[in-house]
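A.B. asks: Sharing a structure with you now.
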Amino acid sequence: CLITPNLKMAALCSEFGDLVQIKKQLISVISLCKERGLVHSVKWASELAFALDPLPKDELPPSHLVSEEDVQDLDAFALAKSYFDLKEYDRAAYFLRGCHSKKAYFLYMYSRYLSGEKKKDDETVDSLGPLEKGQVRNEALRELRVELSKKHRAGELDGFTLYLYGVVLRKLDLLKEAVEVFVEATHTLPLHWGSWLELCNLVTNIEMLKSLSLPSCWIKDFFMAHIYTELQMIPGALQKYQSLIEAGFSKSTYIISQIAVAYHNIRDIDQALALFNELREQDPYRIENMDTFSNLLYVKSMKPELSYLAHNLVEIDKYRVETCCVIGNYYSLRSQHEKAALYFQRALKLNPRCLGAWTLMGHEYMEMKNTSAAIQAYRHAIEVNKRDYRAWYGLGQTYEILKMPFYCLYYYRKAHQLRPNDSRMLVALGECYEKLSQQVEAKKCYWRAFSVGDVEKMALLKLAKLQEQLTETDEAAQSYIIYIQEIFSCGEQLEHVEVSTALRYLGQYYFKNKLYDEASLCAQRCCDYNDAREEGKALLRQISQVRDQTETPSGELFVSLSDNNTPIKRVSPLNLSSFTP
Amino acid sequence: MKYNDTGKVVGLVCRYWVTPYKISVLSLLYEMTTSKIALQEKRRLNKLILPLQQGPDLQLGQFLKTVEDCCPQTAFAVKIRLNEMADGELKDMEFFFTTLPNPTFDSEAYKTSVVGLFIRHMLLAYNKLSFSQVYKLYKSLQHYYHVYDAKPVDGQMGVPTFVADDSDMDLTSTEVTIGDKMERELDSPLLISELRNEDPVSRGPLSQKQAEYFLAKQAYLLKNDDNKALRPAKLQEELNNMLKFNPDFAEAHYLNYLNSMRVQDIYISTHSLLHYFDRLILSGSEGKSNGDEGYGRSLRYAALNLASLHCRFGHYQLADLALQEAIRIAQESNDHVCLQHCLSWLYTLEQMKGSDSSVLTEDSVKMAAHFCLPYLASLGIQSLVQQGAVQGKSAHELMDALKDTDILHWKHSLSELIEISLAQTISIWRMYGKSTMAQQQAQLLLNMSSLEPVNFGVTQNNTEAFAVALCHLAELHAEQGLYGGTTEIFKHLKEQFPPHTQHAKLWMLCDLKIQFEKHMNDGKYHLAQPLVPAIRAQNKTEGLYRKAQVLKSLSRTTEAYRILQKLQVHCEKTRCTETIIRVLLSTAELHWESSDFSTGLPLLLQALTLSRKHHLQALASRTLLHLAFTQLMLGVPEQALSVLHEALEPILAHGGIMDKGRALMLAARCQMALVATRPNGREQAAVAIHTLDEAASYFSTLNCKERLRDVRYLQARLHSSLGQTAQRNRCAMLFHLLDRELQTPRAPTDMRL
């Protein structure tokens, strides 16, 4: 292909400013990928191209630069491509075997690869024994590798064949070599998204990412953003996507969906929901990522929306993994857990490597109190992806339900390792330590949970109660004060709020320390809550008794009470900044 | 103590699958029924059928070799038949299945017989196969045959390695050798990865049976002799492979756990253990009659195993927490057996933490006896005996207890416990200072043939008990100056317990101690000194004691004294009687250095009471030696001699060669001191010379030149006093030679024992 070097040059020197150039490159790469049957890359590039302004007629890139070899292979290629499109891979490969052009060679090898994959899938159905099931392999891989490596050494591979070589290596579990080949592929043909995507799956940590030398091209920004999302480095990813939007890709559905997923990962539910709604408006028949959307709706308990989504997706295509997951979530929200589990199972039948479904199924079994099945489901999820923190967390929860706090420590720790800044794991860890009477560790966990930003606002309360138990009265009072501040400052109403408990304790605490003004203030606030009213009143009586014996209080306090919503802040005699557990 | 369920088959697969190997067995059966075979050969073949039918899939070469050993003619026929099928077409295989004898009417393979059932199963399984499956079976048959056919260079039948040693295989040993063979064969063909990388053609699918067999064998080897098991890295690779193909094979995770324990990898071992139990919980809940029960049970044992894991890595606090958890859930579900296991772990843990756990142990024994758990009961008793011995319980009580448990062990064939019991007896005898008894018991243990069935050609001989016995034996040899024997023993120990294994620490410490003693005896303190940190790394108390000894020998008295004081306080806290006595003796010796003999006396008396109370004869004798020496120095040689006579007999009977020499030399010196006072002075002197000769012979076996020099000096003086000039000159010359050789100034003889 003569066009490739030109494309490469163009890609390397262009900046975002030149959207027209980018559009031209996209159009060229679409046609290249289309010829070679790389449908997913075509889809990605087309989506992106669609988001950009259309080019005027004379700006359109010339459709083809045809080489001599291409002309020779033209008929055979056309025939083979038609067979290829009809999924008759062996037949396509047969008619391509004598061709010399690079395009034909790629299609030849690709058909052989796909034929092997197809046969592998077919074999899995009728294997000879139970143990043989896992041993079915794509027999073509080995031959392909030998041929491709020969050509690779001779330097005869173009961007597309390099990509194929990488895929073959990955399938043979030669991951290190595969990474090298994919990097090479991105250098030769930066615009082919497939190579980048494969690279994304192979890069496991940030150090590895840094060690790769990648071509500097506008597409690299997409790659970086994608991989930041994969590696749970959400702020970085969001920043990248934001700059991409500003550069002119604001209409791209791909970017919107990616941002939404990123927000979902950091549990910024409202943002994510808004983006998904926008996405559905722009692309109403989209099924991709809708399982993530349903997760969000589930968390927010938005039944009607979830139901609407489920019905909508069933109408579009009911045999998609995402559809099954959405329906599963829908049933789960309606507490029909058996049905939910059924749909997750269906999703897994459609794609056994679907990670989310395993975890969700585990959750359903947990709801059904079928702990052993839940453990199995979670274990499967971990087998598919060791980095799935939800599965680790789920396993921990299962064992916690089975009343094995020490045992579940390991699982919670694993989850915490994967999400060091997620307060839920820390609170869970703290609870386990508390059950094991390891108060020091428990306190550390709670405090850390609060420091990383407590989602459920429970950590401080638990910390305070623990300190109360340990008769560390000053520390407990401190924690309660911060807790109350947190609750009032966050504004919205949360469940399980135990402000009354905190106030009750603080009242008693101030009373004991003879800080009667503060004590009476707390007692009065206590009276706002049903469960603490009696105690508040009793405390007030006690205070007035003591005061009668000593001095009359100053009137200033009541003034401050009347106009301040959170008076504790002002009267707190303790220095908050010095507090450390 | 491990709850090793590795051998258990979880979710036994009852379905039968036709494999190429099964086809070869079928063709063997076919040949046997159709052709005429001599009676003797027929009998051999009949014996072969069951293991072939039920064993794991073999490669064709191995299979044919096995058959050929029984009847070459049949093996050839089978080969021809397989060849026909493999080189022919699909119809040949189909034809073969149609010609198979129908068991219903055939007299030889009656339909309910083992063979009949097998054939019917196979036919049924074959008939169930879909067209593509049949084609696939045929393909794999071709592959199976051609792998064998492709490498005839390996000797006629493919496996030439053990033709020589098994050539005398006869009727009686058929089954044993088959087992033996399979073991050896498994070593080679089961290395999945190897086959995959080096020879991709020859790899057949690993069947369920093969995988199970592999796991069971490796687990057995790990338990009994982990030198014969695969190397840790290799085994890990194998397991990873197996798990990749069949992630549901939970036992592999357990083996992985055991394997990573070998290399002290806490990370992987925890991970595998938990993974295994996650899987087990699953299989426990699915099937079996006691569905719910089995599920809860594995939970309890999961927690217990976790406790044992932490205990093994020395995380006592974590182990304690895990154990508490196991106990709690076991209590909730009224599982007494599990509780009992927990209890025995509890006292073990307490013991490891260094606190007194005898009450717990006693409880455990009682409970175990009540629930009829002989293993745990006698384990508890053994633990009690150990504690009792340290606390100075009377000897006959301990021995009685051990004897009683021994009866129990033999009754229940608990070979592991018998070994432990013997090792314990050795240790107790050694502690009491009865070296002959200890040696005899050690020989008993080492020569005892194990009760465990000999599987995979491995006898169980790398348990802790064996390590302990061998270490004692090494020390006993070293005491007698037989360093050649000691070296041999350590060579064996090193082979049997490589440095990375669990019990290696035992012999490492022992080796260091012996080396240390040797250098000290030779007076090479500069060589002994570097060993001290090494000893200290293994055992802190021991290290401190040795350090004090070196310092004492280097005349750094103050430092030595400080360390000894510290040590005494520490040992009194931990109630380590033996060390206390040794410390007391060393302290007394320190006092001698400053010619302060009377201050040492109360210490020595204290040591004597302690050692008598704890029946520590060797230490008591040594204390008496010290006492006698003190008395000699204080100028009462008659008293000294009478005290010495008390000690002399046990020392000569049981003591180490060094002690013997020292005792005799001391005796001679007492006699010398008496020469002047007694009327029969000359006779006394002659006796003293004779005694010194004996002492000299002991010292020369130890090659302890310093003391030898002292002996020669004394002898020269005695000869001189008797006027025997020639002898005197000879001794003086020997003294002079030694003195020149040693080059160190002679320490004042008087000041030393």
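A.B. asks: Which of the helices (runs of 4 or more DSSP H) found entirely inside segment B:610-726 contain at least 1 residues meeting this: in contact with a Phe, Trp or Tyr (Cβ under 7 Å, 6 or more places away or on another chain), over 30 Å from B:Val390 (Cα atoms) and touching a residue at least 40 places away in the same chain (Cβ under 8 Å)?
C.D. replies: Passing ranges, in order: B:617-633, B:657-675, B:705-722.
A.B. asks: Kindly list, by first and then second residue, each pair from a residue in segment B:403-420 that is crowded, with 18+ Cβ neighbours inside 10 Å to a residue that is acidic (Asp, Glu) and part of a helix (DSSP H, G or I), limited to pairs with Cβ atoms under 7 Å and residues at least 6 apart or on different chains.
C.D. replies: Correct list of pairs: B:Ile418/B:Asp406.
A.B. asks: How many residues are at the interface with another protein chain (Cβ under 10 Å from one of its Cβ atoms) and surrounded by 24 or more Cβ atoms within 10 Å (Cβ to Cβ) if we restrict to segment A:383-397?
C.D. replies: Residues in segment A:383-397 being at the interface with another protein chain (Cβ under 10 Å from one of its Cβ atoms) and surrounded by 24 or more Cβ atoms within 10 Å (Cβ to Cβ): 1 in total.
A.B. asks: Still on this structure: If I ask for residues that are closer than 30 Å to A:Val384 by Cβ and surrounded by fewer than 20 Cβ atoms within 10 Å (Cβ to Cβ), which ones from segment B:219-235 would you list?
C.D. replies: B:Pro232, B:Ala233, B:Lys234
A.B. asks: Residue under question is A:Leu55, and the condition is that it be modelled with pLDDT under 85, outside any helix (DSSP H, G or I) and touching a Cys at 6+ places or on another chain (Cβ under 9 Å); does it hold?
C.D. replies: no
A.B. asks: Which residue is nearest to A:Leu231 (Cα to Cα), if the candidates are limited to segment A:365-379 and must be among the aliphatic types (A, V, I, L, M) and away from every other protein chain (no Cβ under 11 Å)?
C.D. replies: Among those residues, the one meeting the criterion is A:Met366.
A.B. asks: Please tell me if A:Pro5 is outside any loop (DSSP other than H, G, I, E, B), modelled with pLDDT under 90 and surrounded by fewer than 17 Cβ atoms within 10 Å (Cβ to Cβ).
C.D. replies: For A:Pro5, the condition - outside any loop (DSSP other than H, G, I, E, B), modelled with pLDDT under 90 and surrounded by fewer than 17 Cβ atoms within 10 Å (Cβ to Cβ) - is met.
A.B. asks: Here's another thing I want to ask about it. If the requirement is being aliphatic (A, V, I, L, M), more than 25 Å from A:Lys318 (Cα to Cα) and in contact with a Leu (Cβ under 7 Å, 6 or more places away or on another chain), which of these qualifies: A:Ile382, A:Ile375?
C.D. replies: Going through A:Ile382, A:Ile375 in turn, the sole match is A:Ile375.
A.B. asks: Among the residues of segment A:430-451, write down those that are under 17 Å from B:Gln317 (Cα atoms) and crowded, with 20+ Cβ neighbours inside 10 Å.
C.D. replies: A:Cys432, A:Tyr433, A:Glu434, A:Ala442
A.B. asks: Give me a count of the residues in segment B:248-278 that are in a loop (DSSP other than H, G, I, E, B) and more than 13 Å from chain A (Cβ to nearest Cβ).
C.D. replies: Counting residues in segment B:248-278 that are in a loop (DSSP other than H, G, I, E, B) and more than 13 Å from chain A (Cβ to nearest Cβ) gives 3.
A.B. asks: Only one of (1) surrounded by fewer than 18 Cβ atoms within 10 Å (Cβ to Cβ); (2) at pLDDT 85 or above; (3) more than 23 Å from B:Ile581 (Cα to Cα); (4) of a type in the set (D, E, K, R) is not met by B:Glu683, so which one is it?
C.D. replies: Answer for B:Glu683: the failing condition is (2).
A.B. asks: May I pose another question? Given the conditions (1) touching a Phe, Trp or Tyr at 6+ places or on another chain (Cβ under 9 Å); (2) in a loop (DSSP other than H, G, I, E, B); (3) not charged (D, E, K, R), which single one is not true for A:Ile382?
C.D. replies: Here A:Ile382 clears every test but (2).
A.B. asks: Is there any pair linking a residue in segment A:493-517 that is closer than 17 Å to A:Arg533 by Cα to one that is surrounded by fewer than 16 Cβ atoms within 10 Å (Cβ to Cβ) and at pLDDT 80 or above, with Cβ under 6 Å and at least six apart or on different chains, and which?
C.D. replies: Short answer, once both residue conditions are applied: none.
A.B. asks: Given (1) of a type outside the set (A, V, I, L, M, F, W, C); (2) under 21 Å from B:Ala319 (Cβ atoms); (3) in contact with a helix residue (DSSP H, G or I) (Cβ under 6 Å, 6 or more places away or on another chain), identify the lone condition not met by B:Ser355.
C.D. replies: Result: B:Ser355 fails condition (3) only.
A.B. asks: It is to be established whether one or more residues within segment B:494-510 are surrounded by fewer than 16 Cβ atoms within 10 Å (Cβ to Cβ), under 23 Å from B:Met437 (Cβ atoms) and without any contact (Cβ under 8 Å) to a residue 60 or more places away in the chain.
C.D. replies: Among the residues of segment B:494-510, not one is surrounded by fewer than 16 Cβ atoms within 10 Å (Cβ to Cβ), under 23 Å from B:Met437 (Cβ atoms) and without any contact (Cβ under 8 Å) to a residue 60 or more places away in the chain, which makes the answer no.
Matching residues to (1) modelled with pLDDT of 85 or more; (2) under 22 Å from the mean Cα position of the chain (by Cα); (3) farther than 24 Å from B:Phe466 by Cβ:
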| position | (1), (2), (3) |
| --- | --- |
| B:Cys342 | yes, no, yes |
| B:Ser357 | no, no, yes |
| B:Asp400 | yes, no, yes |
| B:His412 | no, yes, no |
| B:Ile418 | yes, yes, no |
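A.B. asks: Another question, then. Regarding A:Lys403, is this residue assigned to a loop (DSSP other than H, G, I, E, B), under 30 Å from B:Ala319 (Cα atoms), touching an Asp or Glu at 6+ places or on another chain (Cβ under 9 Å) and at pLDDT below 90?
C.D. replies: When the stated conditions are applied, A:Lys403 passes them.
A.B. asks: Turning to a different aspect of this structure: Just checking, how many residues over segment B:482-493 are surrounded by 23 or more Cβ atoms within 10 Å (Cβ to Cβ) and either under 13 Å from the mean Cα position of the chain (by Cα) or at pLDDT below 90 (or both)?
C.D. replies: 1
A.B. asks: Can you find a residue in segment B:285-292 that is modelled with pLDDT under 85, at the interface with chain A (Cβ under 10 Å from one of its Cβ atoms) and more than 17 Å from B:Ala250 (Cα to Cα)?
C.D. replies: Looking through segment B:285-292, at least one residue is modelled with pLDDT under 85, at the interface with chain A (Cβ under 10 Å from one of its Cβ atoms) and more than 17 Å from B:Ala250 (Cα to Cα).
Table: residues versus (1) at the interface with another protein chain (Cβ under 10 Å from one of its Cβ atoms); (2) closer than 22 Å to A:Val261 by Cα.
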residue: A:Tyr343; (1), (2): no, no
residue: A:Leu360; (1), (2): no, yes
residue: A:His363; (1), (2): no, yes
residue: A:Ala381; (1), (2): no, yes
residue: A:Leu409; (1), (2): yes, no
residue: A:Leu418; (1), (2): no, yes
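Let's see how each residue does on (1) in a helix (DSSP H, G or I); (2) among the polar types (S, T, N, Q); (3) more than 25 Å from A:Tyr378 (Cβ to Cβ):
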| position | (1), (2), (3) |
| --- | --- |
| A:Arg413 | yes, no, no |
| A:His416 | yes, no, no |
| A:Met425 | yes, no, no |
| A:Ala428 | yes, no, no |
| A:Glu434 | yes, no, no |
| A:Trp447 | yes, no, yes |
| A:Val455 | no, no, no |
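A.B. asks: Additional query: Suppose we keep only residues that are outside any helix (DSSP H, G or I) and surrounded by fewer than 18 Cβ atoms within 10 Å (Cβ to Cβ) within segment A:342-362. Which one would you say is nearest to the chain's Cα centre (by Cα)?
C.D. replies: A:Arg353
A.B. asks: Pairs needed: first member in segment B:129-144, more than 10 Å from chain A (Cβ to nearest Cβ); second member anywhere, β-branched (Val, Ile, Thr) and part of a helix (DSSP H, G or I); C-beta distance under 9 Å; at least 6 residues apart or different chains.
C.D. replies: B:Leu141/B:Ile23; B:His143/B:Val201; B:Tyr144/B:Ile23
A.B. asks: How many of the residues in segment A:489-529 are modelled with pLDDT under 75, at negative phi and assigned to a loop (DSSP other than H, G, I, E, B)?
C.D. replies: 6
The values are calculated or read from the model by the stated rules, or taken from the named source; none is laboratory data. Here the structure is a predicted model, which means the values were calculated and not measured. Counting neighbours? That spans all protein chains shown, and the Cβs are built from the backbone with ideal geometry, glycine included.
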